[in-house]
Every structure is written in C-alpha cells, then in structure tokens.
Amino acid sequence: MKIPALLFLAAVFAPTALQADTVMSFEKLRILDQGTRLVFHWSFAFNQLPPTFVLREKNSETIVLNDPQTLTRNLSDLLSVAFDVRIDGQPAGPMKIERLATLSSRTCTVVMSCPGRPGGHVVVRAPFLDYLPDTYFLYFEIGSVKNLGLGTYGFLGRKHPYLPEIAYNQLRSDGSAAAPEPLPPLAKPESVSSASFRAEIRTAWTNDNWLYLCLILLLLRMAKRILLLLLSIVLCWVLLCLLWVLAGFKVPWQIPPLLLGLPTLLLCLVAIKSPRRVGLITAITLAAGILNACYDIQQVPLASVDQALPQLTGLSLGFVVGLALVLLVLVPLNWECQKYPGFRTEWAPRICWVVAALALLSPAQKYFFG
C-alpha cells in the first residue's frame, strides 16, 4: 500500500514531475531513389502557411487552406509545384501525387513521385519555402533500395545554415555509384619570359614619354637617335636587373612621373635651338632612356633568382617590339607629312613644342586631378 499511496500523493502535489516525456518532432522529407523514379515521402504541418495566398508557380492561383470543402484540392495544387526537380540541368517531369491524407492537427502526409534518370545529377529546389517563415526548415534524407549508403541528408531552408537546395548523384542501373566527373585538364602555366614579354609590349604606349621622344626625333629628322634609345633601354634593363639579382640593388627612391617629362622638354629645346649639337642631343636621349627605364622597372616586380634571366629577356624583347610597333605607326605618317612644303621648317617645331608641353601636362593633371 505504500507505493500506490506515494504515487497518489506525488500526482496530487507535484503533477508536473510525472508528465510524459514530450517527443521532439520536425518535418521530414524522405526521397526514395528507385532509379527510373524518385518517390517523395513528406509529412508537414500546413498551419504554418498563410490561410490564403497566391501561388505564383500555378498561374497565380489563389490557395485557400481554411475551407474544409476545398482543402484537399488546394493542397494538391500546392504540392504539385512544391518541389522543382532537375536532372542533369533538365526538368525531371511533372510531379505525380500518389497518396494524400490530412489530419485534424492540420498536418498533411503525402507521397509523390517524378521520373528519375540512373546516373544523373539531381538538384531539388523547394519553391514552397517562399510561402513559409524564414525560420522554417525541413530535414531530408535520401535512400535507395539497391544501395542505402547514398549518405545524402541535411536540413533544407531559406537561410543559413540550412541548405538552399538538395543535390546528389543517382545510382546507376546496377546499383553502383556514378563516377565523378573528370576534372578539366590543367592549363599549361605561362613561362616567365613570355609573361614578361606580354606585359612589357605595351609599355611604349602606356608610358607616354617613349611615344613623345620617338615623335620628336622623327619630326626633327633624327631617326638614328631612336636606335640609340632602344639600345640604351635594353642595356639599362640588363644592368639594373643584374645588379638587382646579384647585389640586391635597386633605385632607392621612387621616381615621380612628372620628372620623366623633363628630358623630353630639354630634348625639344636643344634639338630646335641647336640641331647641330649631335653629341648633346644623343646624351639627352640616353639620359631620357635610362630615367624612363628605371621608372618602368620599378613598376615590375622581379622574379626569383632562378627566373631572373628569362624575365630579363622577356622585358627587353617586349619593350623593343612594343616600340617597334610605335615606329610602325609614326614613321609612315611622318614620311607623308614631310612631303608637304614647309612642314619641316614651320610645322615640325610647333608640333615638337606641343609634344613637350604634353609630356609635362599629362603627369601633372594625373597628379593633381587623379
């Protein structure tokens, strides 16, 4: 008699202590992969959906869930577009509702199916999530009669950390797993010399001073000085790169772009006022080449020691070819202009002064105005 009496007293004075354990339940989707057919087993509480809403995936049909007379039809319309199944990027086909049941707790249990494709890549999206709260999630797992070890499961939902879609590979017809897609072949890495050549071939166009110097020498009929300019830049690059690699030497201060236009202005002044002073013009040309070469090298990071020679070769050849392309445009144009009477004595000096002014104004406006 003691044990029943104790149980009676406990039930009267402390009823919460003897309540039955509550069973945690969450909505679950189980996909059974039958090869040529995918079967969806789903149980969900539709009381989380709005009582009335417009179903965009069904020609904007109005879904009403609080009318018992039309509940089954409205749920069928909703379930037919609840999941978007694609295999290998193509729609799997219409979703067929095989069994549908509703409970008084406003819970729906449904079995649906759609065509499958053995060995295909399946992606399942859930458009019905857009009509549910952001906190809603659905647990899913995928199994197969031939192989239960698909290992695909998780939580489907609209926001992180839930997955926005389900993706897995179907089994083959014999029950074996589909082979992974082969990785694309790795692209052959570009050599240091070719990368340096490709990067430096546009220097003669992006660094305006090379274009200005060539134009002044051509206008004043000093084409031979261009060869000296090319030779000076190649020798300068060789010397600077070798000193950089062997002795760790590089120009200790950053060359301002505005300084690069000064040799161009000086060359224009001496070439127009004293065209016979060939030695001075050559020295200015060489100085301009060395100064611009130092500036260009500061913009290019040097490769490791074992790749210094290929990079040096690519930089030098790239600049020479780039400058040759500049001359390929300027030389024929200059030849045509020289045919006009008075061009050399009247127009050529004026154009040189304009070019010299541009050599100073171009970096100045970049410095002050960006």
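Each reported figure results from applying straightforward, stated rules to the coordinates on display, with no laboratory input. If you're wondering where the values come from, they're calculated on a predicted model, not measured in any experiment. Cβ atoms come from the backbone with ideal geometry, glycine included; neighbour counts cover every protein chain shown.
Take the convex hull of the alpha carbons in the stretch 320-359; its mean projected area over all directions comes to 3.3 nm². Fully extending the segment from S43 to E27, taken as 0.36 nm per residue of separation minus the present Cα-Cα distance, adds 5.2 nm. Remark: the stretch 87-94, residue by residue, has Karplus-estimated 3J(HN,Hα) of 10, 6, x, 10, x, 6, x, x Hz, where x stands for each Gly or Pro and the curve is 6.51 cos²θ - 1.76 cosθ + 1.60 at θ = phi - 60°.
Backbone geometry of the stretch 123-139 corresponds, through the Karplus equation with coefficients 6.51, -1.76 and 1.60 at θ = phi - 60°, to 3J(HN,Hα) couplings of 10, 10, 10, 10, x, 5, 4, 5, 9, 10, x, 5, 7, 5, 9, 9, 7 Hz, x marking Gly and Pro.
Here the gap between V321 and K58, fully extended at 0.36 nm per residue and compared with their Cα-Cα distance, gives a gain of 88.3 nm. Applied to the stretch 105-115, the Karplus parametrisation 6.51 cos²θ - 1.76 cosθ + 1.60 on θ = phi - 60° returns per-residue 3J(HN,Hα) values of 7, 6, 10, 10, 10, 9, 10, 10, 8, 8, x Hz, with x for Gly and Pro. I63: net charge of surrounding residues, Cβ under 11 Å, Lys/Arg +1, Asp/Glu -1, itself excluded? Neighbour charge sum, excluding I63 itself: -1.
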